[in-house]
1. By per-residue mean of other Cβ atoms within 10 Å, what is the highest-first order of 57-67, 22-32?
2. Using per-residue counts of other Cβ atoms within 10 Å, averaged over each peptide, order 132-145, 180-193 from highest down.
3. At a 1.4 Å probe, what is the % contribution of carbon and sulfur to the accessible area of the chain?
4. Is there a quick way to get the dipole size of the chain? I mean about its Cα centre, with the Cβ of Lys and Arg at +1 and of Asp and Glu at -1; what is the value in debye to the nearest 20?
5. Would you mind computing, in nm to one decimal, how far apart the modelled labels at R232 and A61 are, each placed 7 Å from Cα along Cα→Cβ?
6. Take the Cβ-Cβ distance between D128 and E86 as r, set R0 to 30 Å, and report the resulting FRET efficiency rounded to the nearest 0.05.
7. Around G64, under 10 Å between beta carbons, what's the net of Lys plus Arg minus Asp minus Glu among the other residues?
8. Which of T38, T48, T158 ends up with the largest GNM mean-square fluctuation for the chain, with Cα atoms connected below 10 Å?
Amino acid sequence: MYLWRGRALVLGVDSDSTPHAHHALQLSLALEGAFRLTLPDSSSRMATAALFLPGQPHRLAANGALMAHLFIDPGQRSLADWRRDEIPAALPADLLVALRAAWHTPLALTACEPLVAQWQDAWLPGFDRAPILDSRIAQALALLAEEGELTAEYLADTLQLSQSRFSHLFSQHTGLPFRRYVLWMRLLAAVAQLGRGGNLTTAAHAAGFADLAHMSRVFHATFGVVPSTLSRVAIVAA
């Protein structure tokens, strides 16, 4: 796992997940083999590529395939241009080779960044220039990224909004209630803590969870696997 602020690249032979949904845009690709994709309507098919929008429930069964997943925090960008069901375009052969190599031999984050940028440009052209829906919520997200956890009351006061108005705008433009977004931030902080050498228990406490059991419940509902899966993953974090 290669982890930056707002993005994560995960490479490996996946096991099955349970149905789940999360805040990130998820780009999934079989580097070798194929995976079974199941959607909420119970339709199921074999696939080699898929793109999931924030909040879109899904389940993946890799069947031993070598997988690459790119998770991107959308902030509150408009995603209208990518709300479609077509299969993402095939990636260039040299990029596929480079992603396989990044699994076999871990790279520095700086060496992985061009791979992530190339994949994002292929499947989400123009994403970084997508419209921001509300400048006030953009400011709130920037403050959260810079300062860590802040209260909804503090952010509402900073933006000169009532707490109820702030909560409404935040949910409307990020797709998550403020409390759930804070849990999302805590999960990412816990994964980063693991990358710095912590264990699951210390990572859970450092990220602000009450205990490991609390983090495990949130992690499983968010990613469809238990957090102990991360003990088998080499994490390279910024």
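1. On the way: 57-67: 17.8, 22-32: 21.3.
In descending order of packing, they fall as 22-32, 57-67.
2. Numbers: 132-145: 16.1, 180-193: 19.9.
Going from most to least packed, we get 180-193, 132-145.
3. Working: 6250 of 11710 Å².
C and S atoms contribute 53 percent here.
4. On the way: 18 positive and 19 negative charges, 64 e Å.
Roughly 300 debye for the chain.
5. Once both label points are built, they end up 1.7 nm from each other.
6. Working: r = 21 Å, r/R0 = 0.71.
That pair, D128 with E86, gives E of 0.90.
7. Working: positive: none; negative: D14, E32.
Summing Lys/Arg as +1 and Asp/Glu as -1 gives -2.
8. Largest GNM mean-square fluctuation: T158.
The values are calculated or read from the model by the stated rules, or taken from the named source; none is laboratory data. If you're wondering where the values come from, they're calculated on a predicted model, not measured in any experiment. Every residue, glycine among them, receives a Cβ derived from its backbone with ideal geometry; neighbour counts consider all protein chains shown. For the accessible areas, the whole protein counts, side chains as well, though only heavy atoms, and no ligand, DNA or RNA atoms are used. Shrake-Rupley method; radii C 1.70, N 1.55, O 1.52, S 1.80 Å.
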